[in-house]
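Single-structure report; data block below.
The values are calculated or read from the model by the stated rules, or taken from the named source; none is laboratory data. Fair warning: this is a prediction, and the values are worked out from it, not measured in the lab. Here the Cβ positions follow ideal geometry from the backbone for every residue, glycine too, while neighbour counts run over all protein chains shown.
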Amino acid sequence: MVYVTPDTAVAPPHRAQTLWRPAAAGLAAALAGLGVAELTAVWIAPGASPVLTVGVLVIDIVPAGVKDLVISLFGTADKIVLIVTIVLVLLLVAALAGILESRRPPFGRLLVVLIGAIALFAALSRSSASTLDAVPAVVAMGVAAIALTFLTTRLPVDRRTGYTATASTPEQVPARVDGSGPGRRRFLVYTAITAGIGLLALTGAQFSAAATRAADAARALFPLPTPSVRAAAIPAGASLNVAGITPLITPNADFYRIDTALSVPRIDPTTWRLKVTGMVENEVEIDFAELLALPLEESTTTLACVSNYVGGDLIGNATWLGYPIRALLARAKPTDGADMVLSTSQDGFTAGTPIEALTDGRNAILAVGMNGEPLPLEHGYPVRMVVPGLYGYVSATKWVVELKLTRFDQEQGYWTPRGWSAQGPVKLSSRIDVPRQGTSVSAGSIVVAGVAWSQQVGISAVAVQIDDGPWQDAALADAISVDTWRQWAYTWNNAGAGDHTIRVRATDAAGLVQTSATADVAPDGATGLHEISVSVSA
Ligand SMILES: Nc1nc2c(c(=O)[nH]1)N[C@H]1C(S)=C(S)[C@@H](COP(=O)(O)O)O[C@H]1N2
Ligand SMILES: [Mo]
């Protein structure tokens, strides 16, 4: 055993370590952060790849002259040049972070946080950004910072001086000074493992991205057939053209997404099959080409999530193209006593839907198209269910591969044992879209507008209440059908300056008035009235 004596500590610590080890620690940490982040991006936030979003940011801020120069020099390879440059700069900064962290902790970590913050800004400054897009950058920052700390605190003792890079006083220096022991090898192994994790994750991200591109290409191989039944034309009067109101049809890119899938299933449509099993006389199995060859029907249906709180945005309206589920069930011939169709997704999610809702004539379909496009991957490609009037968790199975005829007293859908009701009809509700909650509006005539829905029944009236005043009737747009939301608008005249509360209340076509009693989203959907506050300026 050799002990450190004061005279071995004469050399200042920052000259004591070779540079390459801390630099390697920084590089490995950056690779790990980048790899895990890129993988996270393909899985949960496609479009928020840190390298690509930073690339877009660079393109945005680089002066036009530089852009032209790069394009003239590299032509169509300009994007690759950009990506390579970003990665090289990142690796350079990473090496620097390793050295900094080994000499002046925590400045290396601070540098990592700074780079992470740039990536975060790049991800969130895009117009299409959602909160999920923040995840890859945050993951990158976290993984890189942890790996950097881990590796730099395991830097081996220097052979000549007895210092580890992070030890700044002799007391912190471990006893072993010969530098030949397991410390050096262990550091190398840890660094290699960290870098290996990064490279593995980067490779995984490439494969996942390739699979997504393949699935996208496959989507193009199966263009949507012409509907045999067109959706009822949307009446011109269905849209009130109020600025800021939710569009009548939700564009696919803006449609809310809810599912338990960690990574979006990518199903090869040429191998996809749907089986109808369980309590049936004939098991039925069809593939995608067979499904597309059947007479498909178009219908406009609003889809709502049971987790949508009053006034929330987990609801959207689309024109779907698909095959009536009742027609497929008719082929399978359910036996007596079956009262549930348990639909299963390729990734194991299940929903239990009453047979009644699938056979009573409503537009319950196996959907293949959404707003004129094949289903987007995240909305269930190649086939999903859409059942008007039922919350998604009991009806709207995406990536569906099996319909099992069974009984509610024998089987449960995914969410039922997790505290949600076995039955999930969508509740009568309404929402204020304009003005927005908490905004300031100028006095005078203020247009209050939004949407209301009562699927399978229809909306007959909407009323608005200002503060504790009387309920006033709003104007209703034409309905598309009983299965879609309906726009409404109310003009609030002579709005006085000050803070005000606005409430909305719908009445359905059966005379049911939306209750003001509040209920939580669990177990079977929220109730209560949507209320916003605005401040009216004189
Ligand atoms: N395979 C699968 N399908 C699913 C779910 C799921 O978790 N997995 N969630 C359901 C829920 S809770 C809702 S609200 C709708 C949402 O459909 P969307 O993401 O297309 O808006 O999908 C339903 N279908
Ligand atoms: Mo949902």
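Looking only at residues in region 343-378 that are more than 10 Å from ligand 1 (Cβ to nearest atom) and part of a helix (DSSP H, G or I), the one that is farthest from residue 278 (Cα to Cα) is 377.
Is it fair to say residue 70 is at pLDDT 90 or above and in a helix (DSSP H, G or I)? Answer is no for this residue. Against the criterion of being out of contact with any helix residue (DSSP H, G or I) (no Cβ under 7 Å at 6 or more places or on another chain), buried (at least 22 other Cβ atoms within 10 Å of the Cβ) and farther than 20 Å from residue 426 by Cβ, residue 299 does not qualify.
Conditions tested, residue by residue: (1) assigned by TED's automatic domain parsing to the domain that holds residue 18; (2) under 30 Å from the mean Cα position of the chain (by Cα); (3) surrounded by 16 or more Cβ atoms within 10 Å (Cβ to Cβ); (4) within 26 Å of residue 263 (Cβ to Cβ).
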| site | (1), (2), (3), (4) |
| --- | --- |
| 63 | yes, no, no, no |
| 66 | yes, no, no, no |
| 85 | yes, yes, no, no |
| 132 | yes, yes, yes, yes |
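In this structure, is residue 448 of a type in the set (A, V, I, L, M, F, W, C), crowded, with 24+ Cβ neighbours inside 10 Å and more than 16 Å from ligand 1 (Cβ to nearest atom)? Spell out the reasoning first.
Numbers: of a type in the set (A, V, I, L, M, F, W, C): yes; crowded, with 24+ Cβ neighbours inside 10 Å: yes; more than 16 Å from ligand 1 (Cβ to nearest atom): yes.
Criteria met by residue 448.
Here region 385-438 is the region considered, the condition is being in a strand (DSSP E or B) and acidic (Asp, Glu), and the residue that is farthest from the chain's Cα centre (by Cα) is 402.
The number of residues in region 112-129 that are of a type in the set (Gly, Ala, Ser), in a loop (DSSP other than H, G, I, E, B) and in contact (Cβ under 8 Å) with a residue 60 or more places away in the chain comes to 3.
Scanning region 291-309 for residues being away from ligand 1 (no atom under 16 Å from the Cβ) and either within 24 Å of the chain's Cα centre (by Cα) or touching a residue at least 60 places away in the same chain (Cβ under 8 Å) (or both) gives a total of 7.
When you go through 366, 403, 377, 358 one by one, which is the residue that is farther than 30 Å from residue 212 by Cα, buried (at least 18 other Cβ atoms within 10 Å of the Cβ) and of a type outside the set (Asp, Glu)? Walk me through it before giving the result.
Details: 366 fails: farther than 30 Å from residue 212 by Cα; 403 fails: farther than 30 Å from residue 212 by Cα; 377 fails: farther than 30 Å from residue 212 by Cα.
Just one listed residue meets the conditions, 358.
Could you tell me which residue of region 394-411 is nearest to residue 221 (Cα to Cα), considering only residues that are more than 8 Å from ligand 1 (Cβ to nearest atom) and among the β-branched types (Val, Ile, Thr)?
The qualifying residue nearest to residue 221 (Cα to Cα) is 401.
Would you pick out the residues in region 306-320 that are of a type outside the set (Ser, Thr, Tyr) and within 13 Å of ligand 2 (Cβ to nearest atom)? Selection gives 306, 308, 312, 313, 314, 315, 316.
Restricting attention to region 414-445 and to residues that are closer than 21 Å to residue 482 by Cβ and in contact with an Asp or Glu (Cβ under 9 Å, 6 or more places away or on another chain), the residue that is nearest to ligand 2 (Cβ to nearest atom) turns out to be 424. Pairs under 9 Å by beta carbon, first residue more than 23 Å from residue 40 (Cβ to Cβ) and free of Cβ contacts under 8 Å to residues at least 60 places away in the same chain in region 184-200, partner hydrophobic (A, V, I, L, M, F, W, C) and surrounded by 14 or more Cβ atoms within 10 Å (Cβ to Cβ), six or more apart or different chains? Filtered contacts from region 184-200: 184/157; 188/24. As a summary of the residue check, residue 328 satisfies the conditions (1) within 16 Å of ligand 1 (Cβ to nearest atom); (2) outside any strand (DSSP E or B); (3) touching a strand residue (DSSP E or B) at 6+ places or on another chain (Cβ under 7 Å) except for the one numbered (1). Can you confirm whether region 379-393 contains a residue that is within 14 Å of ligand 1 (Cβ to nearest atom), over 18 Å from residue 318 (Cα atoms), in contact with a helix residue (DSSP H, G or I) (Cβ under 9 Å, 6 or more places away or on another chain) and in the same structural domain as residue 316 (by TED's automatic domain parsing)? No, region 379-393 contains no residue that is within 14 Å of ligand 1 (Cβ to nearest atom), over 18 Å from residue 318 (Cα atoms), in contact with a helix residue (DSSP H, G or I) (Cβ under 9 Å, 6 or more places away or on another chain) and in the same structural domain as residue 316 (by TED's automatic domain parsing). Inspect all residues belonging to region 470-483 and state whether any of them is free of Cβ contacts under 8 Å to residues at least 24 places away in the same chain, outside the structural domain of residue 242 (by TED's automatic domain parsing) and in contact with a Leu (Cβ under 6 Å, 6 or more places away or on another chain). No; the residues of region 470-483 include none that is free of Cβ contacts under 8 Å to residues at least 24 places away in the same chain, outside the structural domain of residue 242 (by TED's automatic domain parsing) and in contact with a Leu (Cβ under 6 Å, 6 or more places away or on another chain).
Among the residues of region 432-451, is any over 25 Å from residue 535 (Cβ atoms), in contact (Cβ under 8 Å) with a residue 24 or more places away in the chain and not aliphatic (A, V, I, L, M)? No, every residue in region 432-451 fails to be over 25 Å from residue 535 (Cβ atoms), in contact (Cβ under 8 Å) with a residue 24 or more places away in the chain and not aliphatic (A, V, I, L, M).
A Cβ distance below 7 Å, combined with a sequence gap of six or more or placement on separate chains, defines the contacts here; from region 253-270, residues that are closer than 14 Å to residue 370 by Cα reach residues that are within 16 Å of ligand 2 (Cβ to nearest atom) and among the acidic types (Asp, Glu) in the pairs 256/313; 257/378. For the residues 515, 501, the requirement of being more than 22 Å from residue 234 (Cβ to Cβ), part of a loop (DSSP other than H, G, I, E, B) and of a type outside the set (A, V, I, L, M, F, W, C) singles out 515. Taking the conditions (1) exposed (fewer than 14 other Cβ atoms within 10 Å of the Cβ); (2) more than 30 Å from residue 418 (Cα to Cα) in turn, residue 516 satisfies each one other than (2).
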